[in-house]
């Protein structure tokens with residue numbers, strides 16, 4: 001049987017592809033946060049950056065719009081996200097909102113010029129609270145929506161809540177003719 005002179009090159013190329021494909025997950029794994037705190041902050045920052053980018057991209061006159069009667073206006077969606085960035089840590093983790101912030105009044109803010117700093121400040125509150133939180137606190141039990149859960153579950157809920165309303169605001173934006181900045 002005659003051996004092709006191309007076999008070693010193909011085998012060599014295949015080995016290179018296999019080696020590179022195995023190295024890629026390993027490289028990504030090294031970039032993965034080593035703790036729940038790190039993973040949470042990465043997920044939170046990713047989602048929050050999209051909320052803020054979309055809030056910035058939408059014209060101020062669209063903030064009062066509703067896609068249908070009886071549905072929250074866009075401004076309230078953003079104020080609602082900010083509210084719960086203060087509410088979840090305060091009510092389920094013992095992390096008070098900063099002085100001068102009353103989460104129960106935040107959903108009254110409807111002006112884009114006020115909402116953008118409110119969103120940013122609420123995000124920074126979450127980041128700072130999570131960074132300062134002792135590791136043991138994340139495992140401590142609390143109650144969230146009537147269930148006894150570890151406090152880290154509150155942070156998962158916070159990101160899930162934000163992502164839900166991010167999706168809602170994306171739909172509002174698209175109905176208004178605005179393409180999310182990351183989709184352009």
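Every read-out reported here was derived from the displayed coordinates using simple, explicitly stated rules and does not represent laboratory data. Predicted model, so just to flag it, every value in this text is computed and none were measured. Ideal geometry is used to build each Cβ from the backbone, glycine not excepted, and the neighbour counts take in all protein chains shown.
Under 15 Å from a label point set 7 Å out along the Cα-to-Cβ vector of residue 147, the amide N atoms of region 154-175 belong to 154-161.
Put a dot 7 Å past the Cα of residue 121, heading toward its Cβ, do the same for residue 69, and the two dots end up 3.6 nm apart.
How much FRET efficiency would the formula 1/(1 + (r/R0)^6) give for residue 156 and residue 61, where r is the Cβ-Cβ distance and R0 is 35 Å, rounded to 0.05?
So, using R0 = 35 Å, E works out to roughly 0.50.
Each peptide in 104-115, 47-58 receives the mean, over its residues, of other Cβ atoms within 10 Å, and ordering these scores from highest gives 47-58, 104-115. Full extension of the chain segment joining residue 111 with residue 32 gains 24.7 nm, where the gain is 0.36 nm per residue of separation less the Cα-Cα distance.
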